[in-house]
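Visitor: Quick one: the structure is below, and I'll ask about it shortly.
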Amino acid sequence: MSKRSSPNLITRRRFIKIGGTGAVAVLAVACAPAAPAAPTAAPAAPKPTTAPAASGAGKPGGQIRYAMNNEPDSLDPAKTAQASAFNVMMNLYDTLIWQDPVDLKYKSGLAESWESTPDGLTHTFKLRKGVKFHDGTPFNAEAVKANFDRIVDPATKSPQAASKLAAYQSTTVVDEFTAKITLKTQFAAFYDALSQTWLAIASPTAQKKFGDDYGRNPVGTGPMMFKEWVAKDRIVVVKNPDYNWGPPFWNHTGPAYLDQITFVGISENGARLTAFESGEIQVMETVPEGDFDRLKKSGKYQMVVARTPGSPMTIFMNTEKAPFNDINVRKAIMHGLNRTELINAAFFGLYSPADTPIADNTLYHSKKAVGMYPYDMEKAKKYLEDAGWKPGPDGVRVKNGEKLVVDFVDLTTYEPKVVATQALLKPLGITVNVKALDQATRVAMGHKGDGHMFSTALLDSDPGAIQLVYHSRNLGGFDWSRIKDAELDKLLDDQAKEPDTTKRAALLEQAVMKIMENAWSFPIYNFARLFGVSPKVKNFRTHPIGSYPYLYEVSLE
Amino acid sequence: MGTYILKRLLAAIPILIGISALVFFSLKLVPGDPLSAITGDAVIGKEEADRLREQYGLNDALHVQYLSFVGRAIQGDLGRSLQFKRPVIDEIRAQLPATLQLTAAAMVVALTVGLGLGILAAIRPHSLLDGLTMSIAMAGVSFPSFWVGLMLLLIFSLALGWLPATGTEGFERLIMPAATLGFGAAAIIARLTRSSLLEVLQQQYIVTARAKGLSFVKVVFRHALRNALIPVVTIVGLQFGNLLAGAVVIETVFSRQGIGRLLVTAILGRDFPLVQGVILFVASVYVIVNLLVDLSYALIDPRIRYA
């Protein structure tokens, strides 16, 4: 295992023994430099957490069943925003460029090389020759143009890809294998965006042929080909025998090892666990924290904590409402809520604590804000006293006859986190009401500011994505702290356009410091996806964005 | 009879319109943003969210949305699912066979077990056998089906490894869901069969039949049971509706395909067109089943006639 692995990375010693040839490669996630053009050394060094590919050929053949916690909505990269869809699409499609999970640089994919003009507005890609989509359509510059033009076409109603291409102006087909992309505005995260499967290249022939139903009949250039989708039951993909154009950092070349992968969506945790433990499925996503610990202790499985880059799981404090409109109360939370206790109580200590808005495995993570608010109960109490909140007769603090009561609105599956927060804030004299709801409701409440505390993590390989939760343009969206700060907005806007990585890092650091000084949010832990993997599955490791496994590399014992 | 059926079917139209309006407007009262159906768990910018709301027509006034829904529904178009981006009718069609299969199998379980236990209990009332069968029935009524389902999973999939825990394909994946779903209904049918049969067995014609020297078995099956079945058939019809409703839970517990699981996904995702479509469909099924139940009385009891 890589020495750079983060401490929360979990690999079973016994598995290493079973692995024999050292064909163990695990987990966690690397981050991604968003630098345009030639990859340069990152100014701030994040900690990549994915191990390099293990050497040694895997045995071709065999199939696995892979359980996710929901069924994808569509396998059209232009039309979905769901993690489960990304997971499947990564096998069906290729991107123009790929991000190496270890050295964090961009490597060739469907594009062999690329260059940018100094103004960062024009990017020319030399495309790989001899690549064919699964339906036989040749891959070329026309295909790139057709895909990107389709994504930005309002008729496509693209939920995610279109926002990644917000700066897109046009694509010019220079010749069959040269595509020139022009941007409207500078966009520092352009290469990062291109490396995400949302911008993968699909067969234009198939898109025309299937029209609105393309998402059920996906055709890409990837290592696996779509076979069938039985709604609410399974999605089956099979090996593409012609595949020979994977990124250079994969553990082999040529076709994938596995003959077939069957993806199933099982939302019920109990059923997903039973299917995994009875051997029906070989890879299980979203293992409940409590069961993760039990399965790990059983010694029968590879249990994987795969960290995601972006923002940690964070509590957002609604600054428009009392008591969090008072910075002293927010600072009291920053000092008074014990992160480690929270992670231990709610999540069996599986995650590593995080205390800044950009996770430490993400590009431009700055150490400057780390440790700014150490856990200190006395300090927390003093802040509350300064804010005028005095202990009441029943232990709950009171000010002007009002009790210090806040609503924590969260997803039902996150209820342990909310309950632990409630218990940990009680000694401070703060009463936390638990509001555990379904996703659609709690998101709507967050958008409306209906509540005092909300939480979410942000999965993105580019740290500029924090604007989604801190920029005032997202008030009424995911700016759940309801921050309206012109200075912060400017920092976030400037970094998004800054082509110089050093300057961009400095801008992001200033933004982070501003967020921390104002105590707008309470980062809790580094978000990670929890996998259970059968010991028969070899070479399981994950992709930088959102921790999706490279199933191309996987083989069976 | 034909006029009767036609009348009943025509009467269903206002019912379905009422249901559609009720569902449509109550969905709008439920908190939660239908945009979730499109964006899922993704964190997206407010500008993108506004753009998508506009593109998917979520900003239109309520009555406009409803009228356009009704207008299309009359022409047989239930709209497109926000979540799955394909016609609602295709989603229903894809899930229907699995639910029908599950419901039918559960009905077989319910009838076999329910009638069996009910008859056993009725022919030896207040005996040990009666006590035992009625205890089983009591358990069936009181254990929630999701719990029974999880217990079966625990025993037959995890501990014994005899049956697969999830999925739809094949007979072996039908056994546990059908047993779980059928068990609750079986319990109700058993209790009803017992009391109805006991009542009939007290009738004088039964005594006459016995006095004429017919065997007890013949009397029970040929004379008593047929008369005892009328209330049972009513409840079986109602149970069919319950089984459909129960499929929502069972399909989720066993991760089976089906209308129930489709509905859960649609509701959680605030996929309004899909929720509408599925509920209208299920409501139509209820209407038809009720009609069939009414018609079946005439088959069982020749004295009942419809005009």
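Bear in mind that the values in this text are calculations on the coordinates, not laboratory data. Not measured: the values here are computed from a predicted model. Note that each Cβ is placed from the backbone with ideal geometry, even for glycine, and that neighbours are counted across all protein chains shown.
Visitor: Grab the DSSP H runs of chain B that are 4 residues or longer, score each as -39,500 (n - 2.57), total them, divide by all residues and round the 222 nm result to the nearest 500 deg cm²/dmol. Show your work: numbers first, answer last.
Guide: Values: 12 runs with 220 residues, N = 307.
Dividing the helical sum by the residues of chain B leaves -24500 deg cm²/dmol.
Visitor: Would you calculate the separation in nanometres between label points at residue A:398 and residue A:185, each defined as 7 Å from the Cα along the Cα-to-beta-carbon direction?
Guide: 5.2
Visitor: Based on the Cβ-Cβ distance from residue A:142 to residue B:28, what FRET efficiency comes out when R0 is 51 Å, to the nearest 0.05? Write down the numbers at each step before the final one.
Guide: Details: r = 45 Å, r/R0 = 0.88.
The formula returns an efficiency of 0.70 here.
Visitor: Looking at chain A, I'd like the Rg to Rh ratio, where Rg is from alpha-carbon atoms and Rh is Kirkwood's inverse mean 1/r. Numbers along the way, then the final one.
Guide: On the way: Rg = 23.7 Å, Rh = 24.3 Å.
Rg/Rh: 0.97.
Visitor: Just from its helices, what would the mean residue ellipticity at 222 nm be for chain A, if runs of 4 or more DSSP H residues each count -39500 (n - 2.57) and the sum is divided by every residue, rounded to the nearest 500 deg cm²/dmol?
Guide: Numbers: 16 runs with 147 residues, N = 557.
After summing the helix terms and dividing by residue count, I get -7500 deg cm²/dmol.
Visitor: If you average 1/r across every pair of different Cα atoms in region A:437-557 and take the reciprocal, what Kirkwood value do you get, in Å?
Guide: Values: mean 1/r = 0.0594 Å⁻¹.
Mean inverse Cα-Cα distance, inverted, gives 16.8 Å.
Visitor: Round to the nearest 10 and give me the degree value, 0 to 90, for the angle of helix B:272-300's Cα axis relative to the longest principal axis of chain B.
Guide: Relative to chain B, helix B:272-300 is tipped by roughly 20 degrees.
Visitor: Which one of A:463, A:218, A:343 is farthest out on the positive end of the charge dipole of the protein assembly as shown, using unit charges on Cβ (Lys, Arg +1; Asp, Glu -1) and the Cα centre as origin?
Guide: The listed residue farthest towards the positive side: A:343.
Visitor: Roughly how far apart, in whole Å, are the Cα centres of region B:119-180 and region B:58-75?
Guide: What the calculation gives is 44 Å, centre to centre.
Visitor: Check the straight Cα-Cα distances from residue A:184 and name the lysines below 26 Å, setting aside those fewer than 8 residues away within the same chain.
Guide: Correct list for residue A:184: A:79, A:105, A:107, A:126, A:145, A:157, A:164, A:490, A:497, A:503, B:46.
Visitor: Sticking with this structure for a sec: Across region A:111-119, in residue order, what do the Karplus-derived ³J(HN,Hα) couplings come to in whole Hz, using 6.51 cos²θ - 1.76 cosθ + 1.60 with θ = phi - 60° and x for Gly and Pro?
Guide: Listing the rounded values in order: 9, 8, 8, 7, 8, 10, 6, x, 6 Hz.
Visitor: Beyond 19 Å between alpha-carbons counts as too far, so tell me which of A:417/B:28; A:331/A:426; A:59/A:129; A:390/A:426; A:321/A:417 fall in that bin. Present the calculation step by step, with values, prior to reporting the outcome.
Guide: On the way: A:417/B:28 30 Å; A:331/A:426 16 Å; A:59/A:129 28 Å; A:390/A:426 14 Å; A:321/A:417 22 Å.
The pairs that break the limit, which is 19 Å between Cα atoms, are A:417/B:28; A:59/A:129; A:321/A:417.
Visitor: Here's something else I'd like to know. Quick one: 3J(HN,Hα) in Hz for region B:179-196, Karplus 6.51/-1.76/1.60 with θ = phi - 60°, rounded, Gly and Pro as x.
Guide: In residue order, the calculated couplings are 5, 4, 5, x, 4, x, 5, 4, 4, 5, 4, 4, 5, 5, 4, 4, 5, 5 Hz.
Visitor: In whole angstrom, note down how far apart the Cα centers of region B:258-288 and region A:250-326 are.
Guide: About 29 Å separates the Cα centre of region B:258-288 from the one of region A:250-326.
Visitor: Let me ask something else about it. Relative contact order for chain A: what percent, with Cα pairs under 8 Å and sequence separation of 6 or more?
Guide: Working: 1344 pairs, mean separation 124.6, N = 557.
The value is 22 percent.
Visitor: Separate question: Looking at region B:41-83, which trypsin sites (Lys or Arg not before Pro) are in a loop (DSSP not H, G, I, E or B) and have at most 11 other Cβ atoms within 10 Å?
Guide: Values: sites: B:46, B:51, B:53, B:72, B:80; in loops: none.
Of the trypsin sites (Lys or Arg not before Pro), not one in the loops of region B:41-83 has a Cβ with at most 11 other Cβ atoms within 10 Å.
Visitor: List the lysines whose Cα lies under 20 Å from the Cα of residue A:300, skipping any in the same chain that are fewer than 8 positions away.
Guide: A:17, A:536, A:538
Visitor: Still on this structure, I have one more. What FRET efficiency, computed as 1/(1 + (r/R0)^6) with R0 = 25 Å and r the Cβ-Cβ distance, is obtained for residue A:378 and residue A:320, rounded to the nearest 0.05?
Guide: Details: r = 29 Å, r/R0 = 1.15.
Efficiency, rounded to the nearest 0.05: 0.30.
Visitor: Shifting gears a bit: Hey, can you grab everything whose amide H is under 5 Å from the amide H of residue A:281? Only 5+ residues off in sequence or another chain; H modelled, so Pro and N-termini drop out.
Guide: Sorted by chain and number, the residues that satisfy this are A:276.
Visitor: Continuing with this model, one more query. Sorted from largest to smallest, which semi-axis lengths in Å does the alpha carbon gyration tensor of region A:147-195 give for its equivalent ellipsoid, taking the root of 5 times each eigenvalue?
Guide: On the way: eigenvalues 63, 41, 19 Å².
One finds semi-axes of 18, 14, 10 Å for region A:147-195.
Visitor: Could you tell me which of rounded, prolate or oblate describes region B:154-219, using a ≥ b ≥ c as the square roots of the eigenvalues of the alpha-carbon gyration tensor, with rounded for a/c under 1.5 and, failing that, prolate when a/b is larger than b/c and oblate otherwise?
Guide: Values: a/c = 4.45, a/b = 3.30, b/c = 1.35.
Prolate, because a/c is 1.5 or more and a/b exceeds b/c.
Visitor: Same structure, new question: Tell me the relative contact order for region A:164-264 as a rounded percent, counting alpha carbon contacts under 8 Å between residues six or more apart.
Guide: 16
Visitor: At a Cα cut-off below 19 Å, give the aspartates and glutamates reachable from residue A:297, other chains included and same-chain residues fewer than 8 away excluded.
Guide: Counting by Cα, and skipping residues close in sequence, residue A:297 has these aspartates and glutamates nearby: A:277, A:285, A:289.
Visitor: Would you grab the residues whose amide H sits under 5 Å from the one on residue A:540? Only those 5+ places off in sequence or on another chain, please, with H modelled 1.01 Å from N.
Guide: For residue A:540, whose amide H was placed from the backbone, the distant partners under 5 Å are A:25.
Visitor: A further question on this structure: Pairs of Cα atoms under 8 Å, at least six residues apart: use those to get the relative contact order of region B:156-288, whole percent.
Guide: Values: 95 pairs, mean separation 31.2, N = 133.
About 23 percent, as a whole number.
Visitor: Follow-up. Based on Cβ point charges of +1 for Lys and Arg and -1 for Asp and Glu, what charge dipole magnitude is obtained for region A:425-493 about its Cα centre, in debye rounded to the nearest 20?
Guide: Values: 8 positive and 9 negative charges, 80 e Å.
Its charge dipole is roughly 380 debye.
Visitor: Whole angstrom only: what separates the Cα centroid of region A:104-171 from the Cα centroid of region B:87-109?
Guide: Centre-to-centre (Cα) distance: 42 Å.
Visitor: Further, regarding this structure: Going by amide H atoms built from the backbone, whose H comes under 5 Å of the H on residue A:411, apart from near neighbours?
Guide: Amide H neighbours of residue A:411: A:437.
Visitor: Please compute the modelled spin-label separation between residue B:298 and residue A:557, points set 7 Å along Cα→Cβ, answer in nm with one decimal.
Guide: About 6.8 nm separates the two model spin labels.
Visitor: Another one. Could you work out the mean count of beta carbons from other protein chains within 10 Å of each residue's beta carbon in B:253-260?
Guide: Mean shielding count: 4.
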